1. Grab the beta carbon distance between residue 439 and residue 162, set R0 = 56 Å, and tell me the FRET efficiency rounded to 0.05.
2. To the nearest 0.05, how large is the calculated FRET efficiency for residue 235 and residue 373 if R₀ is 30 Å and r is the Cβ-Cβ distance?
3. Setting aside same-chain residues fewer than 8 positions from residue 204, which aspartates and glutamates have a Cα under 16 Å from its Cα?
4. Sequence neighbours fewer than 8 away in the same chain don't count; with that in mind, list the aspartates and glutamates whose C-alpha is under 16 Å from residue 392.
5. How many percent of the accessible area of the chain is carbon or sulfur, using a 1.4 Å probe?
6. Magnitude of the Cβ-charge dipole of the chain, K/R +1 and D/E -1, about the Cα centre, nearest 20 debye?
7. Just list whichever of 542/575; 76/234; 405/462 have alpha carbons separated by over 20 Å in the model shown.
8. With every protein chain kept in place and ligands, DNA and RNA left out, what is the accessible area per residue of the chain? Probe 1.4 Å, answer in Å².
Amino acid sequence: MNTSGKFMAAGIIAIAAATTGFAGDTIVQIEPIRSDRVSVQGFELLKDGEFEIEAIGFRSGYNDDLSAYGWLLDSKTRKPVWVMESDNTRRQGRKGLRKALKTISLVKGKYEIYYYASGRWSGNLKINGDDIIEFLGDLFKGDFDGDFDDYIDEFFIKISSTDSYKDFKLFEPDGMIEDALIQVNKVGDSEYIEKGFALDKPMKLRIYALSEYPNSYKIPVDHAWIVDAESGKKVWTMDRWNTDPAGGGSKNRYSDEKENFEKGKYLLYYVSDGSHSYDEFNVTPPYDPLNWGVTILAADKSDKKSFSTYTPEGRGDPLVDLARMRDDDFESQAFELKSEQSLRVVALGEYGSSSKDFVDYGWIENASTGRIVWEMTRRNTENAGGASKNRKFDGLVTLPKGYYKAHYITDGSHSYRDWNASAPYEPELWGLSIYPGKDFNKSKFKVLEESELKLSAEILGKMTGLRDNERRRSKFSIDKRTRIRIYAIGEGSRGEMYDYGWIENDKTGRTVWEMTWRNTDPAGGASKNRMFDDTLILDPGKYEVYFITDGSHSFNDWNSSKPRDPVNWGITVSKVEDF
């Protein structure tokens with residue numbers, strides 16, 4: 001991975017002890033400090049010794065966290081040996097400055113010292129991260145005087161020997177972990193990384209990974225996961241339960257666990273959004289910033305010979321191609337499965353941060369019933385690289401024999417070749433694509449034109465995709481007492497329906513069912529989007545299905561947020577079973 005100017009080696013490194021051997025000489029020092037830069041320097045001790053750590057940092061008055069501080073890391077374990085905190089510092093000189101002075105015993109080995117100073121200041125306000133409470137805390141409880149730049153020349157960290165010590169040498173840290181089988185580190189913004197690996201036998205792997213996981217998010221935005229290459233099933237992922245605080249900002253999380261894996265082929269993924277990464281951290285960084293990414297090791301080193309890597313094969317040509325979608329697009333594709341099939345679905349879309357729902361997204365419906373059998377959700381998608389609103393589903397979907405329609409819809413911004421934020425890692429896949437899945441039988445799959453789409457005998461009436469000012473009706477008859485399913489989406493508010501359907505007995509004219517506010521549920525999007533999805537028992541006879549719309553808010557002409565299943569605005573009536 002490339003590095004940016006936001007991460008740098010130590011500015012000045014004093015090495016007097018290496019030449020003089022006098023007690024109290026500085027071994028390593030980071031100075032001067034630059035704001036919003038992670039400074040690092042490595043040193044190796046050739047024997048055990050006792051040392052003194054001295055550092056000047058900074059704390060504003062709103063809480064106990066330091067915004068300028070240093071720490072010491074063990075290069076082998078990647079764990080902090082010492083961290084500068086409010087509790088182990090004292091006030092030094094001007095308001096806000098803090099001094100640490102610590103005597104510490106270190107065994108021989110490699111170590112890294114770090115320093116970070118947040119420069120996000122405005123007057124006497126510190127704007128750090130996305131917590132408004134922190135911002136207001138500074139506003140009413142500032143604990144410093146002057147500009148941040150007036151303080152930065154006083155910041156430093158150094159390590160000195162407490163006796164005559166000269167058995168050390170310096171090195172430039174790179175974060176590399178000994179015996180790593182796969183190491184993806186120093187990951188920057190907007191990256192999407194895929195690595196293939198194979199196991200010749202069942203084995204236990206150690207997975208060490210760092211992620212960005214904001215407190216208010218249900219899933220991380222920079223993170224790793226592993227899928228079974230054959231089944232497409234996700235077998236491991238970073239989540240709230242298997243990660244711990246990684247130091248620095250609260251959204252820094254890390255996972256370091258051992259997991260059992262069966263013999264087989266796997267795909268390792270790591271994805272990052274458009275901010276807070278090795279390129280540039282927008283809150284205080286983790287203790288091990290060089291390993292922003294993921295590393296895989298063998299839990300038992302003797303298993304290394306049973307581990308190998310490979311280059312993942314491409315997906316091939318799609319069976320259904322609804323990709324490269326632009327603004328205000330809506331596309332559908334019908335297909336038939338002549339037997340149960342496993343399909344690999346790849347879908348990229350946009351998750352609206354204000355609406356808390358997808359605004360560019362895809363779904364698959366059973367063409368006979370109108371029922372959605374798969375759709376993009378927040379939970380079943382991952383970050384797709386680039387802006388955090390870019391989401392991706394890539395997995396296997398098993399569908400039974402039948403007729404289906406794949407749909408994809410976009411809103412008026414942020415789409416293929418017209419992004420209003422960072423593009424996803426694979427922009428050409430913006431949309432929905434279907435590929436062969438495991439044990440796919442090509443002879444049992446057929447793409448259909450709309451005119452070829454055969455509705456099953458269970459469909460009694462279907463009027464969907466309705467627009468403004470429509471009045472539609474459709475007749476059907478049944479010769480036995482029958483349970484029918486009604487799936488209808490329309491508009492209603494304050495107890496009244498404006499786009500709705502009903503069913504009449506064709507002989508008597510009596511209404512046997514009507515879509516009302518009380519018997520409908522929210523259909524997603526605007527609160528006035530209402531849905532009925534239930535069954536009804538009808539006696540033998542002839543019936544007529546009706547659906548009417550008013551002059552606003554209908555398919556592809558919404559005046560508020562559209563429903564989750566916009567294409568089925570209208571009604572579908574299907575036969576469930578006879579009695």
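The values are calculated or read from the model by the stated rules, or taken from the named source; none is laboratory data. Note that this is a predicted model, so its numbers are computed, not measured. Note that each Cβ is placed from the backbone with ideal geometry, even for glycine, and that neighbours are counted across all protein chains shown. All accessible areas refer to the heavy atoms of the entire protein, side chains included, with ligands and DNA or RNA removed. Shrake-Rupley method; radii C 1.70, N 1.55, O 1.52, S 1.80 Å.
1. Values: r = 68 Å, r/R0 = 1.21.
E between residue 439 and residue 162, to the nearest 0.05, is 0.25.
2. Values: r = 24 Å, r/R0 = 0.80.
Efficiency at R0 = 30 Å is approximately 0.80.
3. Reachable aspartates and glutamates: 179, 228, 256, 257, 259, 262, 300, 303.
4. Here the aspartates and glutamates satisfying the reach criterion relative to residue 392 are 191, 194, 222, 273, 321, 350, 357, 360, 375, 382, 426, 428.
5. Heavy-atom surface of the chain belonging to carbon and sulfur, 1.4 Å probe: 43 percent.
6. Values: 80 positive and 95 negative charges, 320 e Å.
The dipole of the chain has a size of about 1540 debye.
7. Checking Cα-Cα distances, 76/234 exceed 20 Å.
8. 45
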